[in-house]
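Q: Here it is, the structure, as structure tokens.
The values are calculated or read from the model by the stated rules, or taken from the named source; none is laboratory data. All values derive from a computational prediction rather than experimental measurement. Cβ placement follows ideal geometry from the backbone for every residue including glycine, while neighbour counts extend to all protein chains displayed.
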Amino acid sequence: MGCKIKYANMFLLCFVLIISCEDNSSNDTDGLFINEFLAKNDACCPDEAGDYDDWVELYNSGSSPVDVGGMYITDNLEDELYRIPKTDNTLTTVPGEGYLILWLDKDEEQGPQHIGVKLSTDGESIILFDSDSTTIIDSLSFGVQEADISMGRSPDGSNNWVKFTTPTPGSTNK
């Protein structure tokens with residue numbers, strides 16, 4: 001009888017190991033990147049109201065759309081996280097292999113793409129958190145910024161950051 005219990009316990013242990021070793025690494029945010037940003041927008045790229053505000057471009061390298069509504073963004077870990085509104089997923093969804101611009105202008109009355117965060121031209125960070133407010137999806141730190149010159153990944157989603165004298169919000173970075 002001792003052998004039956006021993007084998008039953010080994011079977012249970014193997015079953016638990018198999019379950020715990022399943023690949024759960026693929027989720028909807030795996031291909032989501034902070035792809036480009038502009039922290040000193042003097043005359044480059046106006047929002048829909050004609051204002052020249054800071055912006056960040058998110059890029060989704062996956063084939064399925066990702067709604068960032070309910071996720072969090074901040075420019076400083078010591079500040080409170082800003083929750084991206086979940087009010088209209090048509091305005092907060094990054095299409096598969098596509099882009100979404102978030103305006104970092106502290107002007108939330110303009111809609112869910114307008115975020116209660118403003119970037120410092122002296123440099124700081126941009127950190128995007130999943131909806132659990134603890135899992136970092138992507139982040140970057142940057143130094144002093146120049147007017148109307150963005151920084152972005154080239155090519156999209158890569159680890160290579162370059163300056164763009166002609167920013168490309170919502171378009172492919174080359």
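Q: Test G152 against the criterion of being modelled with pLDDT of 95 or more, within 15 Å of the chain's Cα centre (by Cα) and part of a loop (DSSP other than H, G, I, E, B), and give yes or no.
A: no
Q: Exactly one of these conditions fails for D67: (1) out of contact with any helix residue (DSSP H, G or I) (no Cβ under 9 Å at 6 or more places or on another chain); (2) without any contact (Cβ under 8 Å) to a residue 40 or more places away in the chain; (3) acidic (D, E). Give me its number.
A: (1) is the only condition that D67 fails.
Q: Just the residues that are in contact (Cβ under 8 Å) with a residue 40 or more places away in the chain and over 19 Å from K40 (Cβ atoms), please, taken from the range 154-169.
A: Listed by number, the residues that qualify are D156, G157.
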